[in-house]
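Inspection log for the structure reproduced underneath, given as structure tokens.
Values in this text are rule-based calculations from the coordinates and carry no lab data. Here the structure is a predicted model, which means the values were calculated and not measured. For neighbour counting, all protein chains shown are included, and Cβ atoms are generated from backbone atoms with ideal geometry for every residue, glycine included.
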Amino acid sequence: MSTIFYGALITPTSLTEYRALPRALLSVSRDTGDIEWIEDDVAASELQDALARHGAVSENVDFVELKLGEFLIPGFVDTHIHAPQVPNLGSGQEHELLDWLAEVTFPMEARFADADFAKRAYSSVIKRTLDYGSTTCCYYGTLHLEGTKILADVIHSYGQRAFVGKCNMDRNSPEYYVEPSADASLAATRALIAHIQALPPPTGSGTAAEPLVRPILTPRFAISCTGELLDGLGKLAAEDAGLRIQTHISENAAEIVFTKQLFPPGSLPAPPPLPDAATTKAGGKVANGKARETTYAGVYDAYGLLRHNTVLAHAVHLEEEEIAIIQARRAGISHCPTSNFNLRSGCARIGMLLDRGLKVGLGTDVSGGFSPSILTAVQHASMCSKVVALHTESTPPDSRFTDRQLPIATLFYLATLGGAEVCDLQARIGSLAPGKAFDALVVSVRSETGNPAIWGMDTAEELGMGLRDDGRTRTKTEEEELAGMLEKFLFCGDDRNVRRVYVQGRLAGGKESRV
Ligand code: GUN
Ligand code: FE
């Protein structure tokens, strides 16, 4: 049994390229939810032959034909979002990070001690992120074990792919919102991991062998964790190489100063040895122990928390040595430009980090960021790269991305496959390819979606602006038209344009799932 889509498909292939296929045929297995095969270009007159070649006979197939202005893309990956902060969207924009945490964020998170509140709030959160097209999210819960179990349960019931972590915070937090000890924090973390790993396989069609909801270690940031707690988390991580880790890094100037005060030189254990290839840009100098002791990244590294499946949010003010360590450990960056503008944290030099070989994805960082949509993160990532370029006196002539504005293909990549790489899921999600999970969006830029910010493709057709042959010379190929639709969606789209959201082959959200 299969579902076969016929129509336009856009999928990233590299940081600088994507494939835009106006007439693709894509088959999804209803047993596994994986993509079975893709035909790149099938004319309408060849459709029956193509289906027959794949043994697709009508009684076994649900056939879905997309209209002009509709296209398939991979689902978005939100690599950094605080689920309990969604009720705070649009509140507290006047603060910088540390005041914002104290004044706005911790009071809201503390409310999630109430299980009933948590259940109701989280249901609304997950519906929203799915409807905006985030098929995978890296969620921070609160410090509460029960509340975060509820978060995992709700995500599981909605069928979203996610990593769920309980915040670890045993110091520098208000007395009404702090864990009593490192031991208590570690015990609750273990209990959450056990709870999530015991969740039953997802139900309904599109059932895959792999779990959709997974645990992730979540030391909130170095400031909120004692060395003892970070040490315990590092040991927990060492027990399971597949366990993801997420935290914040180098977001705000005052935060960095405080972190260095809390972990002065000489206070850290020796980090695991770095691979020989760990060099700084400055000229082959291996990042040495002394430098590492005095940087923010060095704190996490000393406790074994930087590795290939660590997600580091922000990275706005990274020092040279830190970039080298992160690159050597193959940890990923969650770029959260909406939050970085909103909390006045700064503009991350993402182009430079890409040129240094770091993995980068996008994060909404709700509610430091005021939008739960990765589309907003895409728009602000573009603006952020333009601000960086504007403030550069001379862009290195041989740079690919450094201090340049990020191209559309790069933005699309960061929102999809880049995010998948950051959470070490690139083998399963992030692009549309045979053998990968069908985590995908049916997007529409047609007028009937009711988004006044988009000049709909069908209106354009009526006015003779479209690409159909009308006796006049075409100015654009179909591929170029499709590329134009992608750009319009990324910059002007919203949840009205996200018609259907599939996770592992199952319809899990989108405008049409609600009618
Ligand atoms: N650093 C520590 N906690 C937080 C948080 O909740 N949001 C952001 N943006 N930064 C943090
Ligand atoms: Fe955050």
Completion exercise
If amide H atoms are modeled at 1.01 Å from N in the peptide plane, then the residues at a separation of 5 or more from residue 359, or on another chain, having amide H under 5 Å from its own are 333
Problem - Among 220-231, 33-44, 485-496, the order from most to least packed when residues are scored by Cβ within 10 Å on average - result: 220-231, 485-496, 33-44
Exercise for the section: With label points built 7 Å along Cα→Cβ from the Cα atoms of residue 119 and residue 465, find their separation and express it in nm. Expected result: 5.0
Exercise for the section: Give the peptides 299-310, 19-30 in descending order of average Cβ contacts within 10 Å, highest first. Expected result: 299-310, 19-30
Fill in the blank from the handout: Extension length gain for residue 99 and residue 63 (0.36 nm per residue less Cα distance), in nm, is 7.6 nm
Exercise for the section: For residue 183 and residue 408, compute 0.36 nm times the residue count separating them, minus their Cα-Cα distance, and round to one decimal in nm. Expected result: 76.3 nm
Handout entry: Helix-only mean residue ellipticity at 222 nm for the chain, each DSSP H run of n ≥ 4 adding -39500 (n - 2.57), per residue, nearest 500
Key = -9500 deg cm²/dmol
Completion exercise
extent check for the chain: Cα max minus min per principal axis, descending, whole Å, gives 75, 54, 44
Handout entry: Spatial separation of Cα centroids for the range 107-141 and the range 33-84, in angstrom
Key = 30
Fill in the blank from the handout: Taking 167, 137, 347 and counting other beta carbon atoms within 10 angstrom, the fewest-first order is 347, 167, 137
Problem - Unsatisfied cross-links (Cα-Cα over 29 Å) in the set 67/436; 359/386; 67/476; 67/386; 260/359 - result: 67/386
Exercise for the section: Report, in whole Å, the centroid distance computed from the Cα atoms of the range 148-194 and the range 387-417. Expected result: 36
Completion exercise
With the 8 Å Cα cutoff and a minimum separation of six or more residues, the range 76-422 has a relative contact order in percent of 18
Problem - Reachable aspartates and glutamates, given that their alpha-carbon falls under 19 Å from the alpha-carbon of residue 119 and they are not under 8 places away in the same chain - result: 109, 131, 146, 153
Fill in the blank from the handout: Restricted to the range 76-422, the DSSP antiparallel beta bridge percent, nearest 5, is 5
